[in-house]
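Report on the following structure.
Throughout, read-outs are computed from the coordinates displayed, never taken from laboratory work. Owing to the predicted nature of the structure, the values given are computational and were not obtained by experimental measurement. Cβ coordinates were reconstructed from backbone atoms using ideal geometry, including for glycine residues, and neighbour counts include every protein chain displayed.
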């Protein structure tokens, strides 16, 4: 029996795959639970159309992510923080701070896309990774400077 998977089924396939299964498995498990539909010619055409549409959408997202990664190249975010006598900053520079700065520069990004390997609690330069759609990653530089005391 040939079926088209509506959901990913472990050890069988992913959404949209056309697979051959034993009649009992298809009739008694996959079809009643809505995990698959019978692979008749009409359903195959529908799923192929959906796959083409999804592929076109994925390509567009990949192109956008690649363009965005190029725009992030060379970006430097600078923060001035109060420090102790040993030049340790009070608090830290968080992904929320970085998100706010990036949004102020006109980019749409969420905090979940920002990867800070170690908490930024010292003065200096740090590399922060931004995860974009389609598996693209880009790095930006975060600089933490000592805030000048007002006299």
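What to note about this one:
- GNM top mover of 52, 111, 27 - the chain, alpha-carbon springs below 10 Å: 27
- Each Cα pair of region 2-65 feeds into the Kirkwood radius, which the Stokes-Einstein equation turns, at 10 °C and 1.306 mPa s, into a diffusion coefficient of 126 µm²/s.
- Extension gain (nm, one decimal) between residue 14 and residue 56, 0.36 nm per residue minus Cα-Cα: 13.3 nm
- Separation in nanometres of the label points that stand 7 Å from Cα toward Cβ, at residue 111 and residue 22: 5.1
- Candidates 42, 51, 64, ranked by Gaussian network fluctuation over the chain, Cα under 10 Å, top entry: 42
- Helical runs assigned H by DSSP (4 residues or longer) give the chain a calculated mean residue ellipticity at 222 nm of -9500 deg cm²/dmol, each run adding -39500 (n - 2.57) before division by the residue total.
- GNM top mover of 40, 139, 87 - the chain, alpha-carbon springs below 10 Å: 40
- Distance-filtered residues of region 113-132 - backbone nitrogen under 17 Å, label point 7 angstrom along residue 88 Cα→Cβ: 118-124
- Rounded if a/c under 1.5, otherwise prolate or oblate - region 96-151, Cα gyration tensor axes: prolate
- When the P(r) of the chain is calculated, the portion above 23 Å amounts to 58% of the C-alpha pairs.
- Additional length obtainable on full extension of the chain from residue 133 to residue 64, 0.36 nm per residue less Cα span: 24.0 nm
- Taking 0.36 nm per residue of sequence separation and removing the Cα-Cα distance, the residue 7/residue 48 pair yields an extension gain of 13.2 nm.
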